[in-house]
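The next block holds one structure in the form of C-alpha coordinates; read it before the comments.
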Amino acid sequence: MQNIALFLLCAGLLVGCANKPALSLYQQLDGKAGIAKLVDSFIYQIGNDEQVFHYFEHANITHFRDGFISHMCMLFEGPCEYRGDSMIAIHTGMNISEKDFNHVVDLLVNAMNEQNISYNVQNKILSKMAPLRGGIIKI
Amino acid sequence: MYHIKYWSVVAFCLMSLPCVASSGKLLATPGVSQIEGNAGGGIVPWAQLAGYASDDEFSINGFCSRADVTDYTLDVCGAQLNLFNRVEFSYAIQQFDVPAFNAQIEQNISGVKVRLYGDIVYSEWPQLSAGILHKSLDDGSIAQLVGAKSTSGTDFYLAASKLHLGAIAGYNWFWNLTTRYSEANELGLLGYGGESDSTRVLFEGSTALFLSRELAVGVEYRQKANNLNLGEQDWKDVFVAWIPNKYVSITAAYLDLGRIAGANDQTGWYFSVTGYW
(Lines give C-alpha, C1' and ligand atoms only; values in the text may rest on other atoms or scores of the structure.)
Protein backbone atom coordinates (compact mmCIF):
# COMPACT_ATOMS: atom_id res chain seq x y z
CA MET A 1 0.00 0.00 0.00
CA GLN A 2 2.83 2.40 0.81
CA ASN A 3 4.26 1.73 -2.61
CA ILE A 4 0.97 2.49 -4.35
CA ALA A 5 0.69 5.76 -2.49
CA LEU A 6 4.25 6.62 -3.45
CA PHE A 7 3.64 5.88 -7.15
CA LEU A 8 0.52 8.02 -7.19
CA LEU A 9 2.32 10.81 -5.40
CA CYS A 10 5.24 10.78 -7.86
CA ALA A 11 2.88 10.67 -10.82
CA GLY A 12 0.91 13.54 -9.31
CA LEU A 13 4.09 15.60 -8.96
CA LEU A 14 4.94 14.94 -12.60
CA VAL A 15 1.49 16.10 -13.68
CA GLY A 16 2.06 19.25 -11.66
CA CYS A 17 5.32 19.95 -13.48
CA ALA A 18 3.77 19.30 -16.88
CA ASN A 19 1.08 21.90 -16.28
CA LYS A 20 3.25 24.88 -17.24
CA PRO A 21 3.70 24.68 -21.02
CA ALA A 22 5.64 27.58 -22.51
CA LEU A 23 3.77 27.41 -25.81
CA SER A 24 0.08 26.91 -26.50
CA LEU A 25 -0.95 23.88 -28.50
CA TYR A 26 -1.84 26.30 -31.31
CA GLN A 27 1.73 27.60 -31.35
CA GLN A 28 3.22 24.10 -31.14
CA LEU A 29 1.25 23.20 -34.26
CA ASP A 30 2.66 26.14 -36.19
CA GLY A 31 -0.55 28.11 -35.96
CA LYS A 32 -3.35 28.10 -38.47
CA ALA A 33 -1.15 26.88 -41.32
CA GLY A 34 -0.21 23.75 -39.36
CA ILE A 35 -3.81 23.11 -38.38
CA ALA A 36 -4.90 23.50 -42.03
CA LYS A 37 -2.33 20.89 -43.12
CA LEU A 38 -3.53 18.52 -40.41
CA VAL A 39 -7.18 18.98 -41.41
CA ASP A 40 -6.27 18.36 -45.08
CA SER A 41 -4.54 15.09 -44.14
CA PHE A 42 -7.55 14.13 -42.01
CA ILE A 43 -9.98 14.80 -44.88
CA TYR A 44 -7.77 12.70 -47.17
CA GLN A 45 -7.81 9.85 -44.59
CA ILE A 46 -11.61 9.96 -44.35
CA GLY A 47 -12.00 10.16 -48.13
CA ASN A 48 -10.11 6.90 -48.49
CA ASP A 49 -11.85 5.03 -45.70
CA GLU A 50 -14.59 2.50 -46.38
CA GLN A 51 -15.86 2.22 -42.80
CA VAL A 52 -16.77 5.85 -42.11
CA PHE A 53 -16.80 7.66 -45.47
CA HIS A 54 -20.59 7.29 -45.72
CA TYR A 55 -21.06 9.68 -42.78
CA PHE A 56 -19.33 12.40 -44.79
CA GLU A 57 -20.65 11.52 -48.25
CA HIS A 58 -23.04 14.45 -48.48
CA ALA A 59 -20.92 16.93 -46.54
CA ASN A 60 -19.70 20.11 -48.15
CA ILE A 61 -15.93 19.63 -47.94
CA THR A 62 -15.06 23.34 -47.95
CA HIS A 63 -17.57 24.02 -45.20
CA PHE A 64 -16.29 21.04 -43.16
CA ARG A 65 -12.66 22.09 -43.67
CA ASP A 66 -13.21 25.73 -42.62
CA GLY A 67 -15.33 24.72 -39.63
CA PHE A 68 -12.85 22.09 -38.46
CA ILE A 69 -9.88 24.48 -38.77
CA SER A 70 -11.53 27.25 -36.75
CA HIS A 71 -12.87 24.77 -34.19
CA MET A 72 -9.40 23.23 -33.66
CA CYS A 73 -7.82 26.69 -33.61
CA MET A 74 -10.16 27.70 -30.78
CA LEU A 75 -9.74 24.41 -28.85
CA PHE A 76 -5.95 24.74 -29.03
CA GLU A 77 -6.02 28.29 -27.64
CA GLY A 78 -5.42 30.04 -30.94
CA PRO A 79 -6.84 33.48 -31.85
CA CYS A 80 -10.02 32.10 -33.41
CA GLU A 81 -13.66 31.81 -32.56
CA TYR A 82 -15.65 28.85 -33.83
CA ARG A 83 -19.00 30.16 -35.07
CA GLY A 84 -20.25 26.97 -36.67
CA ASP A 85 -23.09 24.74 -35.48
CA SER A 86 -22.74 22.88 -32.19
CA MET A 87 -21.41 19.31 -32.22
CA ILE A 88 -24.89 18.10 -31.18
CA ALA A 89 -26.61 19.99 -34.02
CA ILE A 90 -24.15 18.63 -36.59
CA HIS A 91 -24.27 14.98 -35.49
CA THR A 92 -27.92 14.54 -34.51
CA GLY A 93 -29.49 11.85 -36.66
CA MET A 94 -26.14 10.36 -37.74
CA ASN A 95 -26.25 7.75 -34.98
CA ILE A 96 -22.47 7.32 -34.91
CA SER A 97 -21.37 4.19 -33.02
CA GLU A 98 -18.60 4.00 -30.44
CA LYS A 99 -16.68 1.83 -32.85
CA ASP A 100 -16.91 4.31 -35.75
CA PHE A 101 -16.02 7.20 -33.46
CA ASN A 102 -12.84 5.42 -32.34
CA HIS A 103 -12.09 4.58 -35.96
CA VAL A 104 -12.21 8.29 -36.80
CA VAL A 105 -9.83 8.88 -33.87
CA ASP A 106 -7.50 6.31 -35.49
CA LEU A 107 -7.76 8.24 -38.78
CA LEU A 108 -6.91 11.49 -36.98
CA VAL A 109 -3.86 9.75 -35.48
CA ASN A 110 -2.85 8.65 -39.00
CA ALA A 111 -3.22 12.25 -40.18
CA MET A 112 -1.11 13.51 -37.25
CA ASN A 113 1.56 10.93 -38.06
CA GLU A 114 1.49 12.03 -41.70
CA GLN A 115 2.11 15.60 -40.55
CA ASN A 116 5.01 14.45 -38.32
CA ILE A 117 3.32 15.79 -35.20
CA SER A 118 5.17 14.44 -32.15
CA TYR A 119 3.54 11.77 -29.98
CA ASN A 120 3.32 14.12 -26.97
CA VAL A 121 1.61 16.89 -28.96
CA GLN A 122 -0.73 14.29 -30.52
CA ASN A 123 -1.84 13.23 -27.04
CA LYS A 124 -2.51 16.82 -26.01
CA ILE A 125 -4.59 17.30 -29.16
CA LEU A 126 -6.56 14.13 -28.39
CA SER A 127 -7.13 15.21 -24.78
CA LYS A 128 -8.60 18.54 -26.00
CA MET A 129 -10.89 16.77 -28.46
CA ALA A 130 -11.97 13.75 -26.36
CA PRO A 131 -14.56 15.74 -24.33
CA LEU A 132 -16.45 16.48 -27.60
CA ARG A 133 -17.41 12.80 -27.89
CA GLY A 134 -20.59 13.19 -25.81
CA GLY A 135 -22.00 15.61 -28.40
CA ILE A 136 -21.07 13.40 -31.35
CA ILE A 137 -21.94 9.72 -30.81
CA LYS A 138 -25.27 7.90 -30.58
CA ILE A 139 -27.48 10.91 -31.32
CA MET B 1 -14.61 -25.33 -61.26
CA TYR B 2 -16.09 -26.30 -57.92
CA HIS B 3 -12.62 -26.27 -56.38
CA ILE B 4 -11.88 -22.78 -57.63
CA LYS B 5 -15.12 -21.56 -56.09
CA TYR B 6 -14.35 -23.36 -52.84
CA TRP B 7 -10.87 -21.94 -52.54
CA SER B 8 -11.98 -18.45 -53.44
CA VAL B 9 -14.55 -18.63 -50.63
CA VAL B 10 -11.88 -19.81 -48.19
CA ALA B 11 -9.50 -17.08 -49.35
CA PHE B 12 -12.24 -14.47 -49.02
CA CYS B 13 -13.06 -15.62 -45.48
CA LEU B 14 -9.40 -15.45 -44.48
CA MET B 15 -9.01 -12.00 -45.97
CA SER B 16 -12.13 -10.75 -44.26
CA LEU B 17 -11.05 -12.05 -40.82
CA PRO B 18 -9.49 -8.74 -39.78
CA CYS B 19 -12.76 -7.01 -40.76
CA VAL B 20 -14.89 -9.42 -38.74
CA ALA B 21 -12.61 -9.15 -35.72
CA SER B 22 -13.74 -6.49 -33.31
CA SER B 23 -11.66 -3.32 -33.35
CA GLY B 24 -13.97 -0.74 -31.80
CA LYS B 25 -11.65 0.34 -28.98
CA LEU B 26 -8.50 2.42 -29.23
CA LEU B 27 -5.19 0.53 -29.44
CA ALA B 28 -3.93 -0.87 -26.12
CA THR B 29 -6.92 0.34 -24.11
CA PRO B 30 -8.20 -3.20 -23.21
CA GLY B 31 -5.01 -3.89 -21.23
CA VAL B 32 -3.49 -7.36 -21.30
CA SER B 33 -4.35 -10.72 -19.66
CA GLN B 34 -4.14 -11.26 -15.94
CA ILE B 35 -2.88 -14.58 -14.46
CA GLU B 36 -6.41 -15.33 -13.16
CA GLY B 37 -7.79 -15.14 -16.70
CA ASN B 38 -9.50 -11.76 -16.91
CA ALA B 39 -8.33 -8.50 -18.46
CA GLY B 40 -5.83 -6.61 -16.39
CA GLY B 41 -2.22 -6.15 -15.90
CA GLY B 42 -0.24 -9.27 -15.07
CA ILE B 43 -1.20 -9.74 -11.42
CA VAL B 44 -4.01 -7.17 -10.90
CA PRO B 45 -7.49 -7.30 -12.49
CA TRP B 46 -8.36 -4.00 -14.21
CA ALA B 47 -11.71 -2.36 -14.88
CA GLN B 48 -11.36 -2.85 -18.63
CA LEU B 49 -13.03 -5.81 -20.29
CA ALA B 50 -10.78 -8.00 -22.46
CA GLY B 51 -10.53 -7.42 -26.18
CA TYR B 52 -11.46 -4.69 -28.63
CA ALA B 53 -15.25 -5.11 -28.58
CA SER B 54 -17.18 -1.84 -28.35
CA ASP B 55 -20.85 -1.62 -27.32
CA ASP B 56 -22.16 -3.33 -30.46
CA GLU B 57 -19.46 -5.97 -30.92
CA PHE B 58 -18.15 -9.08 -29.25
CA SER B 59 -14.59 -10.34 -29.04
CA ILE B 60 -12.80 -13.55 -28.22
CA ASN B 61 -9.23 -13.61 -26.95
CA GLY B 62 -6.75 -16.27 -25.92
CA PHE B 63 -3.55 -16.01 -23.91
CA CYS B 64 -0.71 -17.93 -22.33
CA SER B 65 1.62 -16.66 -19.61
CA ARG B 66 4.59 -18.00 -17.70
CA ALA B 67 6.03 -16.80 -14.41
CA ASP B 68 9.41 -18.25 -13.57
CA VAL B 69 10.69 -17.38 -10.09
CA THR B 70 13.51 -18.74 -7.92
CA ASP B 71 11.85 -21.97 -6.74
CA TYR B 72 8.60 -22.19 -8.71
CA THR B 73 7.07 -21.92 -12.16
CA LEU B 74 3.49 -20.96 -12.98
CA ASP B 75 2.02 -21.58 -16.43
CA VAL B 76 -1.38 -20.16 -17.30
CA CYS B 77 -3.44 -20.39 -20.45
CA GLY B 78 -6.93 -19.05 -20.84
CA ALA B 79 -9.56 -17.31 -22.92
CA GLN B 80 -12.01 -14.44 -22.60
CA LEU B 81 -15.28 -13.62 -24.26
CA ASN B 82 -16.34 -9.98 -24.25
CA LEU B 83 -20.00 -9.29 -25.00
CA PHE B 84 -20.77 -5.70 -26.06
CA ASN B 85 -18.10 -4.34 -23.73
CA ARG B 86 -20.54 -4.94 -20.90
CA VAL B 87 -19.79 -8.46 -19.69
CA GLU B 88 -16.58 -10.46 -19.82
CA PHE B 89 -16.44 -14.21 -19.29
CA SER B 90 -13.04 -15.74 -18.67
CA TYR B 91 -11.58 -19.14 -18.07
CA ALA B 92 -8.01 -20.03 -17.14
CA ILE B 93 -6.02 -23.10 -16.23
CA GLN B 94 -3.02 -22.63 -13.97
CA GLN B 95 -0.23 -25.16 -13.58
CA PHE B 96 2.09 -24.53 -10.67
CA ASP B 97 5.31 -26.50 -10.49
CA VAL B 98 6.77 -27.16 -7.06
CA PRO B 99 10.06 -28.98 -7.61
CA ALA B 100 10.67 -29.35 -3.83
CA PHE B 101 7.59 -31.59 -3.51
CA ASN B 102 8.18 -32.94 -7.00
CA ALA B 103 4.57 -31.93 -7.54
CA GLN B 104 2.36 -29.99 -9.87
CA ILE B 105 -0.73 -28.14 -8.66
CA GLU B 106 -3.47 -27.43 -11.17
CA GLN B 107 -6.21 -24.86 -10.65
CA ASN B 108 -9.16 -23.83 -12.84
CA ILE B 109 -10.58 -20.32 -12.67
CA SER B 110 -13.89 -19.18 -14.13
CA GLY B 111 -14.54 -15.47 -14.10
CA VAL B 112 -17.26 -12.95 -14.87
CA LYS B 113 -16.67 -9.21 -14.96
CA VAL B 114 -19.33 -6.56 -15.52
CA ARG B 115 -18.62 -2.99 -16.54
CA LEU B 116 -20.69 -0.82 -14.22
CA TYR B 117 -19.76 2.64 -15.42
CA GLY B 118 -17.69 4.62 -17.85
CA ASP B 119 -14.91 4.34 -20.33
CA ILE B 120 -11.23 4.51 -19.37
CA VAL B 121 -10.56 7.18 -22.02
CA TYR B 122 -13.70 9.25 -22.38
CA SER B 123 -15.77 9.31 -19.20
CA GLU B 124 -15.26 12.03 -16.64
CA TRP B 125 -14.88 9.52 -13.81
CA PRO B 126 -12.85 6.30 -14.02
CA GLN B 127 -14.28 3.17 -15.60
CA LEU B 128 -15.68 0.95 -12.87
CA SER B 129 -16.19 -2.82 -13.02
CA ALA B 130 -17.08 -5.60 -10.61
CA GLY B 131 -15.95 -9.19 -11.00
CA ILE B 132 -16.11 -12.68 -9.58
CA LEU B 133 -13.43 -15.34 -9.88
CA HIS B 134 -14.37 -18.87 -8.92
CA LYS B 135 -11.33 -21.07 -8.42
CA SER B 136 -10.92 -24.73 -7.72
CA LEU B 137 -7.95 -27.04 -7.31
CA ASP B 138 -7.81 -30.29 -9.25
CA ASP B 139 -6.06 -32.06 -6.42
CA GLY B 140 -6.17 -30.37 -3.03
CA SER B 141 -3.75 -32.65 -1.19
CA ILE B 142 -0.92 -30.10 -0.95
CA ALA B 143 -3.37 -27.37 0.09
CA GLN B 144 -4.69 -29.60 2.89
CA LEU B 145 -1.15 -30.57 3.89
CA VAL B 146 -0.22 -26.90 4.48
CA GLY B 147 -3.39 -26.27 6.49
CA ALA B 148 -5.89 -24.75 4.06
CA LYS B 149 -9.56 -25.06 5.06
CA SER B 150 -10.89 -25.50 1.54
CA THR B 151 -9.75 -26.48 -1.94
CA SER B 152 -12.02 -24.08 -3.79
CA GLY B 153 -13.03 -20.49 -3.26
CA THR B 154 -14.46 -17.35 -4.78
CA ASP B 155 -12.90 -13.90 -5.04
CA PHE B 156 -14.99 -10.74 -5.49
CA TYR B 157 -13.41 -7.52 -6.72
CA LEU B 158 -14.18 -3.96 -7.66
CA ALA B 159 -11.80 -2.19 -10.05
CA ALA B 160 -11.46 1.43 -11.20
CA SER B 161 -9.27 2.41 -14.16
CA LYS B 162 -8.49 5.63 -16.00
CA LEU B 163 -6.28 6.66 -18.90
CA HIS B 164 -5.32 10.33 -18.84
CA LEU B 165 -4.42 11.55 -22.35
CA GLY B 166 -1.21 13.56 -22.52
CA ALA B 167 -1.23 13.94 -18.73
CA ILE B 168 2.48 13.61 -17.96
CA ALA B 169 4.58 15.81 -20.26
CA GLY B 170 2.35 14.74 -23.14
CA TYR B 171 2.53 11.01 -22.33
CA ASN B 172 -0.64 9.05 -21.66
CA TRP B 173 -0.87 7.97 -18.04
CA PHE B 174 -2.87 4.96 -16.84
CA TRP B 175 -3.80 3.93 -13.33
CA ASN B 176 -5.97 1.23 -11.77
CA LEU B 177 -7.08 0.51 -8.22
CA THR B 178 -8.71 -2.76 -7.21
CA THR B 179 -10.15 -3.98 -3.97
CA ARG B 180 -10.72 -7.69 -3.55
CA TYR B 181 -12.39 -9.97 -1.05
CA SER B 182 -10.48 -13.25 -1.04
CA GLU B 183 -9.68 -16.21 1.13
CA ALA B 184 -7.09 -17.56 -1.30
CA ASN B 185 -3.58 -18.57 -0.32
CA GLU B 186 -1.09 -17.80 -3.11
CA LEU B 187 -3.90 -17.27 -5.68
CA GLY B 188 -5.64 -20.36 -4.30
CA LEU B 189 -2.82 -22.68 -5.41
CA LEU B 190 -2.34 -23.43 -1.69
CA GLY B 191 -6.07 -23.58 -1.07
CA TYR B 192 -8.40 -21.22 0.78
CA GLY B 193 -8.44 -20.05 4.37
CA GLY B 194 -6.27 -21.36 7.18
CA GLU B 195 -5.67 -21.26 10.89
CA SER B 196 -4.92 -17.54 11.09
CA ASP B 197 -7.53 -16.32 8.58
CA SER B 198 -6.03 -12.83 8.37
CA THR B 199 -7.11 -9.92 6.14
CA ARG B 200 -9.77 -10.76 3.63
CA VAL B 201 -10.24 -7.37 2.02
CA LEU B 202 -7.15 -6.67 -0.03
CA PHE B 203 -5.94 -3.72 -2.10
CA GLU B 204 -4.17 -3.82 -5.42
CA GLY B 205 -2.96 -1.16 -7.83
CA SER B 206 -1.21 -0.57 -11.13
CA THR B 207 0.11 2.43 -12.95
CA ALA B 208 1.70 2.77 -16.38
CA LEU B 209 3.05 5.34 -18.77
CA PHE B 210 2.62 4.93 -22.53
CA LEU B 211 5.95 5.81 -24.13
CA SER B 212 4.26 5.47 -27.52
CA ARG B 213 0.88 4.18 -28.76
CA GLU B 214 2.34 0.67 -28.78
CA LEU B 215 4.59 0.59 -25.72
CA ALA B 216 3.73 0.93 -22.03
CA VAL B 217 5.92 0.59 -18.95
CA GLY B 218 4.46 0.27 -15.50
CA VAL B 219 4.36 -1.21 -12.04
CA GLU B 220 1.86 -3.29 -10.09
CA TYR B 221 1.27 -4.02 -6.46
CA ARG B 222 -0.94 -6.70 -4.95
CA GLN B 223 -1.63 -7.10 -1.25
CA LYS B 224 -1.81 -10.70 -0.01
CA ALA B 225 -3.29 -12.33 3.05
CA ASN B 226 -1.32 -14.64 5.32
CA ASN B 227 -3.89 -17.27 6.30
CA LEU B 228 -1.49 -20.20 6.57
CA ASN B 229 1.20 -18.56 8.76
CA LEU B 230 3.69 -19.33 5.99
CA GLY B 231 4.74 -15.68 5.73
CA GLU B 232 2.87 -15.01 2.47
CA GLN B 233 3.93 -11.58 1.19
CA ASP B 234 2.59 -8.86 -1.09
CA TRP B 235 3.47 -9.13 -4.80
CA LYS B 236 5.13 -6.49 -6.96
CA ASP B 237 6.21 -6.25 -10.56
CA VAL B 238 7.64 -3.89 -13.14
CA PHE B 239 6.35 -4.51 -16.67
CA VAL B 240 6.72 -3.60 -20.30
CA ALA B 241 3.78 -4.22 -22.63
CA TRP B 242 4.09 -4.06 -26.40
CA ILE B 243 0.84 -3.80 -28.35
CA PRO B 244 1.88 -3.52 -32.02
CA ASN B 245 -1.71 -3.84 -33.37
CA LYS B 246 -5.23 -4.89 -32.34
CA TYR B 247 -4.47 -8.59 -32.82
CA VAL B 248 -1.66 -9.29 -30.37
CA SER B 249 -0.02 -8.02 -27.20
CA ILE B 250 3.21 -9.16 -25.57
CA THR B 251 4.10 -8.45 -21.96
CA ALA B 252 7.33 -8.99 -20.04
CA ALA B 253 7.79 -8.30 -16.35
CA TYR B 254 10.21 -8.60 -13.49
CA LEU B 255 8.46 -10.15 -10.49
CA ASP B 256 9.09 -9.84 -6.78
CA LEU B 257 6.73 -12.29 -5.09
CA GLY B 258 8.46 -12.37 -1.71
CA ARG B 259 8.10 -15.51 0.37
CA ILE B 260 6.07 -18.40 -1.08
CA ALA B 261 5.37 -21.53 1.00
CA GLY B 262 8.42 -21.08 3.15
CA ALA B 263 10.85 -20.19 0.35
CA ASN B 264 12.20 -16.61 0.57
CA ASP B 265 12.93 -14.05 -2.13
CA GLN B 266 10.95 -15.42 -5.03
CA THR B 267 12.00 -13.13 -7.87
CA GLY B 268 12.07 -13.81 -11.58
CA TRP B 269 10.56 -13.18 -14.98
CA TYR B 270 7.13 -13.16 -16.51
CA PHE B 271 6.11 -13.41 -20.15
CA SER B 272 2.64 -13.28 -21.59
CA VAL B 273 1.10 -13.27 -25.06
CA THR B 274 -2.54 -12.47 -25.84
CA GLY B 275 -4.21 -12.89 -29.22
CA TYR B 276 -7.36 -10.85 -29.97
CA TRP B 277 -10.08 -11.72 -32.42
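The values are calculated or read from the model by the stated rules, or taken from the named source; none is laboratory data. Just so it is clear, the structure is predicted and the values come from calculations on it, not from any experiment. Cβ: placed from backbone, ideal geometry, glycine included. Neighbour counts: every protein chain shown.
Residue B:123 - would you say it is within 14 Å of chain A (Cβ to nearest Cβ), surrounded by fewer than 17 Cβ atoms within 10 Å (Cβ to Cβ), modelled with pLDDT of 95 or more and within 17 Å of residue B:25 (Cα to Cα)? Outline the logic, then answer.
Working: within 14 Å of chain A (Cβ to nearest Cβ): yes; surrounded by fewer than 17 Cβ atoms within 10 Å (Cβ to Cβ): yes; modelled with pLDDT of 95 or more: yes; within 17 Å of residue B:25 (Cα to Cα): yes.
So residue B:123 fits the description; yes.
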| query | Can you pull out the residues in the stretch B:205-245 that are away from chain A (no Cβ under 12 Å), under 30 Å from residue B:23 (Cβ atoms) and over 15 Å from the mean Cα position of the chain (by Cα)? | reply | B:216, B:217, B:242, B:243, B:244
| Among the residues of the stretch B:195-206, is there at least one that is among the hydroxyl-bearing types (Ser, Thr, Tyr), closer than 21 Å to residue B:154 by Cα and in contact with a Lys or Arg (Cβ under 8 Å, 6 or more places away or on another chain)? | no
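Conditions tested, residue by residue: (1) at negative phi; (2) among the small types (Gly, Ala, Ser).
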position: A:94; (1), (2): yes, no
position: A:104; (1), (2): yes, no
position: A:112; (1), (2): yes, no
position: A:117; (1), (2): yes, no
position: A:121; (1), (2): yes, no
position: A:124; (1), (2): yes, no
position: A:135; (1), (2): yes, yes
position: A:138; (1), (2): no, no
| note | For residue A:105, the lone unmet condition from (1) in a helix (DSSP H, G or I); (2) within 12 Å of another protein chain (Cβ to nearest Cβ); (3) farther than 16 Å from residue A:52 by Cβ; (4) touching a residue at least 12 places away in the same chain (Cβ under 8 Å) is (3)
| Only one of B:121, B:114 is β-branched (Val, Ile, Thr) and either farther than 30 Å from residue A:124 by Cβ or touching a His at 6+ places or on another chain (Cβ under 7 Å) (or both); which? | B:114
| request: Go through the stretch B:144-163 and count every residue that is surrounded by fewer than 22 Cβ atoms within 10 Å (Cβ to Cβ) and closer than 22 Å to residue B:114 by Cα. | output: 6
| remark: Among residues of the stretch B:176-185 being touching a strand residue (DSSP E or B) at 6+ places or on another chain (Cβ under 6 Å) and more than 9 Å from chain A (Cβ to nearest Cβ), the residue surrounded by the fewest Cβ atoms within 10 Å (Cβ to Cβ) is B:181
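If we keep just the residues of the stretch A:46-60 that are touching a helix residue (DSSP H, G or I) at 6+ places or on another chain (Cβ under 8 Å) and of a type in the set (A, V, I, L, M, F, W, C), which is surrounded by the most Cβ atoms within 10 Å (Cβ to Cβ)? Walk me through it before giving the result.
Quick first cut of the stretch A:46-60, residues touching a helix residue (DSSP H, G or I) at 6+ places or on another chain (Cβ under 8 Å) only: A:46-47, A:49, A:51-53, A:55-56.
Remaining after also requiring of a type in the set (A, V, I, L, M, F, W, C): A:46, A:52-53, A:56.
On the way: A:46: 20, A:52: 18, A:53: 11, A:56: 16.
Checking each candidate, the answer is A:46.
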| Tally of residues being buried (at least 18 other Cβ atoms within 10 Å of the Cβ), more than 10 Å from chain B (Cβ to nearest Cβ) and more than 14 Å from the chain's Cα centre (by Cα) across the stretch A:116-139 | 0
| message | Condition check: within 9 Å of chain A (Cβ to nearest Cβ), in contact with a Leu (Cβ under 8 Å, 6 or more places away or on another chain) and at pLDDT 95 or above. Does residue B:173 satisfy that? | response | yes
| message | What pairs come out if I take residues in the stretch A:75-96 that are surrounded by 11 or more Cβ atoms within 10 Å (Cβ to Cβ) and pair them with residues that are in a strand (DSSP E or B) and of a type in the set (Gly, Ala, Ser) whose C-beta lies under 9 Å away, six or more apart or interchain? | response | none
| When you look at residue B:141, is it of a type in the set (S, T, N, Q), within 11 Å of chain A (Cβ to nearest Cβ) and surrounded by fewer than 17 Cβ atoms within 10 Å (Cβ to Cβ), yes or no? | no
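Rundown of residues vs (1) under 30 Å from residue B:55 (Cβ atoms); (2) part of a helix (DSSP H, G or I); (3) within 14 Å of chain B (Cβ to nearest Cβ), yes/no style:
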{"site": "A:43", "(1), (2), (3)": "yes, yes, no"}
{"site": "A:72", "(1), (2), (3)": "yes, yes, no"}
{"site": "A:78", "(1), (2), (3)": "no, no, no"}
{"site": "A:90", "(1), (2), (3)": "yes, yes, no"}
{"site": "A:93", "(1), (2), (3)": "yes, no, no"}
{"site": "A:100", "(1), (2), (3)": "yes, yes, yes"}
| message | When you scan the stretch B:84-94, do you find a residue that is surrounded by fewer than 24 Cβ atoms within 10 Å (Cβ to Cβ), farther than 19 Å from residue B:135 by Cβ and either of a type outside the set (Lys, Arg) or in contact (Cβ under 8 Å) with a residue 60 or more places away in the chain (or both), even just one? | response | yes
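Would it be correct to say that residue B:159 is modelled with pLDDT of 95 or more, within 21 Å of residue B:47 (Cα to Cα) and out of contact with any Phe, Trp or Tyr (no Cβ under 6 Å at 6 or more places or on another chain)?
Values: modelled with pLDDT of 95 or more: yes; within 21 Å of residue B:47 (Cα to Cα): yes; out of contact with any Phe, Trp or Tyr (no Cβ under 6 Å at 6 or more places or on another chain): no.
Criteria not met by residue B:159.
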| request: Would you please list the contacts, defined by Cβ atoms under 6 Å and residues six or more apart or on different chains, that run from a residue in the stretch B:147-159 that is part of a strand (DSSP E or B) to a residue that is aromatic (Phe, Trp, Tyr)? | output: B:150/B:192; B:153/B:192; B:156/B:181; B:159/B:46
